[in-house]
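I have placed the structure first, in the form of structure tokens, so that the comments after it can refer back to it.
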Amino acid sequence: MSDDLTISRQKALKALAEHLDGRLLSNLNSCVHCGLCGESCQYYLTTRDPRFIPGRKVDLISGLYKRYHTVTGRLIPRLVGARDLDDETVREMVDVLFGACTMCGRCTAHCSIGIDIPFLVRTARTLLSEMDLVPKGLRSTVDAAIQSGNNMAIPHNEFVDTILWLEEDLKMEVNDESATIPLDQPGKRIMYTLNPREPKFFPLSISVMAKVFYAAGEDWTLSSNMYDVTNYAFYTGEDRLAAELTKRLVTEMQALGSTMLVLAECGHGSRSIRWEGPEWIERPYPFEVKTAVELLADYIRSGRIRVDPSKNKLPVTLHDPCNLVRLGGVIEEQRYILSHTVSNFIEMTPNRTNNYCCGGGGGQLSMSEYNDRRLTIGKLKADQIQRTGAKIVATPCHNCIDQIMGLNQHYGLGVEVKTLGEIVADALVL
Amino acid sequence: MSVFHWIFLIGFTTCFIACLYHFIHTLFLTMPRQYAKARGKVLPAVVYSFTKAMSPSRKESAYLHLPTYFSGLAYHLGTFMSFFLVFLFFFNYHPSWPWSAIFSGILAISALAGLSILIKRILKKDLRQLSNPDDYISNLLVTLLQGFVAFTLLKHSLVPALLVYASAVMLYIPVGKLKHVVYFFSSRIYLAVFFGRRGVWPVKEDKP
């Protein structure tokens with residue numbers, strides 16, 4: 001390591017060295033620079049900026065690996081595209097790897113080699129985090145979650161008041177004084193999580209799930225201490241903080257004694273908790289984990305709730321959140337739900353594991369620095385929605401909902417955007 | 001064995017040991033442990049990863065770029081065929097007529113495919129910006145190897161020179177991007193583990 005490297009850059013390179021396991025080595029050494037991935041990336045497709053070709057993003061981190069970990073890169077860096085961790089590289093890394101990648105994984109699915117590009121992008125973000133170069137908005141989102149227990153820093157009493165108010169609403173709506181939204185109740189089968197966006201801005205989505213749980217006669221509770229399904233440390237690449245947030249959920253589950261953790265409709269939250277969490281804390285969960293989408297499908301399939309599709313007459317299309325679908329494996333359940341709860345379901349093209357990201361993933365909605373870029377690349381999604389002719393866009397992800405609502409306004413789509421919980425609640429036969 | 005055979009043997013042994021080390025090291029010695037409860041199976045995903053996931057029915061990099069896809073396919077088949085034939089030459093076996101002419105023709109086509117990929121890299125601005133000298137060198141080395149083997153099939157006296165050249169190519173494999181001959185496999189296996197455990201691969205839907 002050369003002497004002129006600053007301490008933070010040395011920390012970044014140390015982090016790279018520490019992360020060099022078989023998976024990372026494999027992905028760092030595989031790119032053949034065919035450039036075909038560009039046509040699968042919405043940043044490149046909408047801007048034609050060559051810096052946004054996923055292969056170039058791979059180069060930003062593989063160049064560092066080559067420079068500091070390979071003989072050829074040390075001796076003849078120019079030959080193999082090895083790069084110093086200098087100001088120019090750091091600037092480009094921040095702009096491209098934070099500001100021009102949603103980590104949607106579409107490039108990976110279509111890569112001629114099969115390189116896990118979002119994995120490399122996240123590793124590069126780890127390096128940037130070590131250099132304290134996480135964009136401000138994303139940084140404060142993670143910090144809020146660590147300090148307050150939820151990413152919107154909602155005070156405890158405010159959250160409790162919101163739930164009590166929603167409970168009163170529920171009683172009126174179902175005309176049953178015994179209807180409840182259980183809070184901090186031990187021994188319940190399910191502990192249900194929330195995206196803090198729900199109590200803060202969209203309490204309706206809590207009400208609708210409470211209504212579904214009521215209809216299903218579910219044994220459930222919310223936690224007022226740890227209800228946040230999100231984990232934005234996944235996007236900053238900070239494994240230590242991601243593990244801390246995961247541990248808090250596990251601790252709360254164990255404190256309440258629930259046997260199933262149900263994850264609210266949140267793409268990256270579902271992925272973080274379901275798939276990454278056990279890796280971060282380095283042990284399997286002692287309880288079952290299910291997404292709200294799977295649970296809703298189970299309710300309909302088992303007849304635990306009755307639904308009437310004629311209650312949702314307007315044409316509905318479905319946006320597949322990348323982290324839940326392509327990178328999480330929940331692919332058909334949402335289709336099963338819609339096929340039983342709406343009269344006219346229209347698929348987007350392409351869909352399922354081949355779907356385009358809404359443009360809000362990768363922490364983009366937290367990084368206001370890149371707002372214009374985010375809306376520009378959302379054009380692909382806006383066009384997809386428009387082509388369906390649907391009046392309602394359903395998507396099981398609050399992050400996607402925010403982005404699609406933004407696209408709705410920006411591109412004048414004239415659609416309504418709903419969670420699957422809302423769609424199911426609208427179709428409920430009580 | 002002639003000195004040319006020894007040179008080839010040194011190149012081959014070095015390349016083989018280096019590649020084997022890379023493969024074992026990346027796939028077996030440092031495989032990260034997985035704690036999340038699997039939703040799907042890995043083995044069918046590995047099979048899918050090397051078959052349908054690579055096909056034009058699934059992969060955009062194939063079906064949106066069919067000429068490049070088929071050029072790449074021909075080029076890689078030609079590369080494996082070239083090394084196979086070099087080994088035959090090493091063991092003093094020379095395909096007889098008309099096989100030598102047929103193989104030579106096939107390799108001429110694959111070398112042209114390699115050349116077309118090289119020309120594309122030179123002509124397309126975005127691709128040029130993505131490339132480093134290693135990309136051009138690797139492409140050129142392998143294209144020339146295929147051409148060399150094609151000529152040697154028709155003119156047996158070129159075998160000693162071919163053995164030396166093939167040795168040089170093999171010495172370059174672990175150094176530059178040609179080592180993707182190893183990492184291609186490990187990357188696709190890792191990807192299959194990732195998507196397989198999550199129940200994403202094999203993809204079940206009919207349409208991409």
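For segment A:402-430, name all the residues that are open to solvent by less than 50 Å² (accessible area, probe 1.4 Å), assigned to a helix (DSSP H, G or I) and in contact (Cβ under 8 Å) with a residue 60 or more places away in the chain. Outline the logic, then answer.
Step one: of segment A:402-430, the residues open to solvent by less than 50 Å² (accessible area, probe 1.4 Å) are A:403-404, A:406-408, A:413, A:415, A:417-425, A:427-429.
This time we only want the ones that are assigned to a helix (DSSP H, G or I), so: A:403-404, A:406-408, A:420-425, A:427.
The answer is A:ILE404, A:LEU420, A:GLY421, A:GLU422, A:ILE423, A:VAL424, A:ALA425, A:ALA427.
Being buried (at least 20 other Cβ atoms within 10 Å of the Cβ) and over 30 Å from B:TRP97 (Cβ atoms): is that true of B:LEU127 here? Break it down into steps so the answer makes sense when it comes.
Working: buried (at least 20 other Cβ atoms within 10 Å of the Cβ): yes; over 30 Å from B:TRP97 (Cβ atoms): yes.
The answer is yes for B:LEU127.
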### Query
If A:SER2 passes every condition in (1) among the polar types (S, T, N, Q); (2) at pLDDT 95 or above; (3) exposed (fewer than 15 other Cβ atoms within 10 Å of the Cβ) but one, which one does it miss?
(2)
### Task
Report whether or not A:GLY257 is at positive phi and either assigned by TED's automatic domain parsing to the domain that holds A:ALA179 or of a type in the set (Asp, Glu) (or both).
yes
### Query
For segment A:116-149, what are the residues that are within 14 Å of another protein chain (Cβ to nearest Cβ) and not charged (D, E, K, R)?
A:ILE117, A:PRO118, A:PHE119, A:LEU120, A:THR123
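Taking segment A:77-94 as the search range and keeping residues that are assigned to a helix (DSSP H, G or I) and in contact (Cβ under 8 Å) with a residue 24 or more places away in the chain, which one is nearest to the other protein chains (Cβ to nearest Cβ)?
Our first condition is that a residue be assigned to a helix (DSSP H, G or I); within segment A:77-94, this holds for A:77-80, A:87-94.
Keeping just the survivors that are in contact (Cβ under 8 Å) with a residue 24 or more places away in the chain gives A:89-90, A:92-94.
Working: A:THR89: 15, A:VAL90: 19, A:GLU92: 13, A:MET93: 16, A:VAL94: 20 Å.
In this case the residue turns out to be A:GLU92.
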### helices (runs of 4 or more DSSP H) wholly inside segment B:122-178 that include at least 1 residues being of a type in the set (Lys, Arg)
B:125-130
### Query
Here are B:LEU141, B:LEU130: which of them is within 12 Å of chain A (Cβ to nearest Cβ) and either touching a residue at least 24 places away in the same chain (Cβ under 8 Å) or not β-branched (Val, Ile, Thr) (or both)?
B:LEU130
### Task
Please determine, by comparing only the residues of segment B:12-39 that are without any contact (Cβ under 8 Å) to a residue 12 or more places away in the chain, among the aliphatic types (A, V, I, L, M) and at the interface with chain A (Cβ under 8 Å from one of its Cβ atoms), which one is surrounded by the most Cβ atoms within 10 Å (Cβ to Cβ).
B:MET31
### Query
Mind checking which residues of segment B:42-93 are surrounded by 15 or more Cβ atoms within 10 Å (Cβ to Cβ) and not in a helix (DSSP H, G or I)?
B:PRO56, B:ARG58, B:LYS59, B:HIS65
### Answer residue from segment A:8-55, given it is β-branched (Val, Ile, Thr) and more than 19 Å from A:ASP116 (Cα to Cα) and is nearest to the other protein chains (Cβ to nearest Cβ) among those
A:THR47
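Grab the helices (runs of 4 or more DSSP H) fully contained in segment A:106-171, keeping just those with 1 or more residues being under 30 Å from A:GLN185 (Cα atoms) and either charged (D, E, K, R) or in contact with a His (Cβ under 8 Å, 6 or more places away or on another chain) (or both). Steps first, please.
Values: elements: A:106-110, A:117-130, A:136-148.
Correct list: A:136-148.
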### Task
Kindly indicate which of B:ALA45, B:ALA53 is among the small types (Gly, Ala, Ser), within 14 Å of chain A (Cβ to nearest Cβ) and out of contact with any helix residue (DSSP H, G or I) (no Cβ under 6 Å at 6 or more places or on another chain).
B:ALA53
### Task
Keeping to segment A:358-400, report how many residues are free of Cβ contacts under 8 Å to residues at least 24 places away in the same chain and open to solvent by less than 20 Å² (accessible area, probe 1.4 Å).
0
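Here is a check on your reading of the model: is A:GLY329 without any contact (Cβ under 8 Å) to a residue 12 or more places away in the chain, among the small types (Gly, Ala, Ser) and not assigned by TED's automatic domain parsing to the domain that holds A:ILE190? Steps first, answer last, please.
Numbers: without any contact (Cβ under 8 Å) to a residue 12 or more places away in the chain: yes; among the small types (Gly, Ala, Ser): yes; not assigned by TED's automatic domain parsing to the domain that holds A:ILE190: yes.
The answer is yes for A:GLY329.
Quick one: which helices (runs of 4 or more DSSP H) lie wholly within segment A:249-361 and hold at least 3 residues that are out of contact with any Phe, Trp or Tyr (no Cβ under 7 Å at 6 or more places or on another chain), closer than 25 Å to B:GLY196 by Cβ and away from every other protein chain (no Cβ under 14 Å)?
Numbers: elements: A:267-271, A:277-281, A:292-302, A:333-341.
Per the criteria, A:292-302.
The values are calculated or read from the model by the stated rules, or taken from the named source; none is laboratory data. This one's a predicted model, so the numbers in the text were calculated from it and none came from an experiment. Neighbour counts run over all protein chains shown; Cβ positions are idealised from the backbone, glycine included. Only protein heavy atoms, including side chains, enter the accessible area calculation; ligands, DNA and RNA are left aside. Shrake-Rupley method; radii C 1.70, N 1.55, O 1.52, S 1.80 Å.
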